[in-house]
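Report on the structure given below.
The values are calculated or read from the model by the stated rules, or taken from the named source; none is laboratory data. Remember, it's a predicted structure, so these values are computed and weren't measured experimentally. Virtual Cβ from ideal backbone geometry, glycine too; neighbours counted across all protein chains shown. Surface areas here come from the heavy atoms of the whole protein model, side chains and all, with no ligands, DNA or RNA. Shrake-Rupley method; radii C 1.70, N 1.55, O 1.52, S 1.80 Å.
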Amino acid sequence: MSIKIGNLTIKSRVYVPPMAGVTDLVFRRIIRGVDPHCLLATEMVSSRALMHKPETRIMDLTPGEDPIAIQIFGHEPDVMAKAAMMAEAKGANWVDINMGCPVPKITKGMDGCALMREPDLAREIVRTVKDAVSIPVTVKFRLGWDDNSRNAVEFGLMLEEAGAAAVTVHGRTRQQLYSGKADWSFIAKVKRALSIPVLGNGDVFEPEDAARLLEETGCDGVAVARGTLGNPWLISRINQYLESGCFVEPPTDVERLICAYQHALGLMAYKGLRVGANESRRHLVHYTKGITGSAPYRARLTQINNQYELVTILAELAYKVAGKEGHEQFMSAACQNNLSKKNESELVNSCNK
């Protein structure tokens with residue numbers, strides 16, 4: 001079960017595409033912990049911004065991240081080519097070009113999905129970037145700008161001719177943003193027209209969704225974005241289901257809380273206490289959704305400022321959902337993470353009060 005992207009053979013049919021504010025180094029480490037082979041990408045990075053601040057942390061990669069893409073966005077071919085060269089130098093296995101972001105602050109600058117209305121410019125970007133690097137170049141785009149201009153098939157053919165090694169197609173138009181239902185039947189039209197690998201994206205939240213998307217579209221792989229929020233196990237469950245038709249049991253509530261703690265603590269360590277605590281709040285909301293009785297704890301988690309508040313609340317929730325055994329399981333895992341020995345005793349004492 002693999003996908004061929006240029007000269008790369010990827011041992012997975014599941015791709016976690018870029019999500020702004022999500023697919024940072026810490027999130028990717030969590031994903032790799034449950035599935036080491038899936039395709040991953042960084043958050044999208046502005047090619048123009050790289051010209052002024054080349055050491056942005058968005059492009060941070062760690063050893064063993066293969067296979068990994070760095071996604072760039074912009075609309076100036078030469079600048080995009082320079083950004084792609086920087087991505088290659090950073091160690092990216094391939095460069096992904098964003099031509100699908102629907103957010104107004106991106107599209108108003110002729111970036112992201114706005115390029116679907118400028119196919120000649122999009123073609124020039126892909127050709128220029130491809131000529132500048134030795135690694136594969138891929139593109140992520142949508143069905144079109146709106147329902148009156150669904151040009152995904154023609155756009156995909158143009159990208160293939162320009163040298164794209166693979167494409168990811170989100171089954172919505174720019175006008176839809178993330179509302180409504182993804183149109184998998186239109187993704188199928190793109191797949192039938194192209195000879196390069198096509199990955200389908202949109203409305204995959206369970207292993208069965210991934211299997212249906214692949215069956216209905218004929219795509220080579222599936223891109224799973226929002227479905228992984230608070231649920232990194234979805235990737236391994238999809239791969240297992242595609243390989244064997246068998247389901248992997250979802251994690252227990254306590255296992256979810258342990259992962260939530262690891263994720264939040266990682267953000268605090270990587271981005272600093274203030275920024276890390278702030279960014280962790282949205283992830284904690286996702287991890288705790290669906291846990292019975294978690295609402296009041298979730299409200300408190302949206303206010304955390306440090307690791308002690310974090311572990312105290314999660315430990316209380318672990319006790320609520322699984323009693324003393326759940327509390328002990330959580331605390332055992334928490335004390336094995338990146339806390340100093342001095343702080344471990346303080347931490348355990350604070351949580352046992």
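Could you check how much of the accessible area of the stretch 204-338 is carbon and sulfur, as a whole percent, using a 1.4 Å probe? Display every interim value, and only then the final one.
On the way: 2800 of 5940 Å².
Within the stretch 204-338, the accessible surface is 47 percent carbon and sulfur.
Can you give the convex hull volume of the alpha carbon atoms of the stretch 169-319 per residue, in Å³? Don't jump to the answer; show the numbers that get you there.
Working: hull volume 21.0 nm³, N = 151.
With only Cα atoms used, the stretch 169-319 gives 139 Å³ per residue.
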Given Cα positions, please report Rg to Rh for the stretch 36-88, the hydrodynamic radius being the Kirkwood one. 0.99
In a Gaussian network model over the chain where Cα atoms closer than 10 Å are linked, find which of 44, 99, 19 has the largest mean-square fluctuation. 19
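Listed here are the pairs 82/108; 4/289; 271/320; 4/105; 53/105; 11/82; which of them are more than 26 Å apart at the Cα?
The pairs that break the limit, which is 26 Å between Cα atoms, are 4/289; 271/320; 4/105; 11/82.
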In the stretch 96-138, carbon and sulfur make up what percent of the accessible area (probe 1.4 Å)? 47 percent
Label model pair residue 299, residue 7: point-to-point distance (7 angstrom along the Cα→beta-carbon line) in nm is 5.8 nm
Angstrom value of the Kirkwood radius, inverse mean 1/r, which spans all Cα pairs in the chain: 21.1 Å
Let me have the 222 nm mean residue ellipticity of the chain computed from DSSP H runs of 4+ only, each contributing -39500 (n - 2.57), with the sum over all residues rounded to the nearest 500. -15500 deg cm²/dmol
Dividing the convex hull volume of the Cα atoms of the stretch 172-232 by its residue count, what figure in Å³ per residue is obtained? 87 Å³
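Classify the stretch 117-245 from the C-alpha gyration tensor, please: rounded if a/c falls under 1.5, else prolate or oblate depending on whether a/b exceeds b/c.
Values: a/c = 1.93, a/b = 1.46, b/c = 1.32.
The shape class here is prolate.
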How large is the accessible surface per residue of the chain, computed with a 1.4 Å probe and reported in Å² as a whole number? 43 Å²
Just to confirm my numbers, what's the Cα centroid distance between the stretch 306-340 and the stretch 206-251 in Å? 29 Å
Relative to the longest principal axis of the C-alpha atoms of the chain, give the angle of the C-alpha long axis of helix 184-193, reported between 0 and 90° and rounded to the nearest 10°. 40 degrees
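Please report the antiparallel percentage of DSSP beta bridges with both residues in the chain, rounded to the nearest 5.
Details: 3 of 31 bridges.
That works out to approximately 10 percent antiparallel.
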